[in-house]
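**Q** Structure below; questions to follow.
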Amino acid sequence: MLSTQSTKKQTDYLQVRLDSKLKHEVTDILYQLGMTPSQAVKILFSQISMQKALPLDISIPTERIEILSDKTVKEVGQALKEIGEGEYTEIDMSDKKQVKKFFGL
């Protein structure tokens, strides 16, 4: 006689509020890795269950690493070259009129 018991696992629904920019940034990365956000959350929950802890190092970085575009690197290089050659304008940042004039405001 065959058993008719279902082996399907019971699932629950999880809803999370996220910053829109963060959600899109992370979703793009996950898709590049071939994974959906739902799959990533399932992996995270499985790891928490197995390890009885968060499977990540949560800390405040002591250094901030920024990646500059090629254009920015080129512009900074040009600015440093001009400064080295004495081609710069000094302005007093506390003088609002000078600042507005310099930046065309």
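**Q** Of the residues in segment 51-86, how many are surrounded by fewer than 10 Cβ atoms within 10 Å (Cβ to Cβ), under 21 Å from the mean Cα position of the chain (by Cα) and part of a loop (DSSP other than H, G, I, E, B)?
**A** 13
**Q** With the structure loaded, tell me whether residue 95 is surrounded by 10 or more Cβ atoms within 10 Å (Cβ to Cβ), out of contact with any Cys (no Cβ under 9 Å at 6 or more places or on another chain) and of a type in the set (Asp, Glu) or whether it fails that test.
**A** Taking the combined requirement at face value, the residue satisfies it.
Quick note: the coordinates plus some simple rules give every number you see, no bench work behind them. Since this is a predicted model, take the numbers as computed values, not measurements. Positions of Cβ are generated from backbone atoms using ideal geometry, with glycine treated the same way; all protein chains shown enter the neighbour counts.
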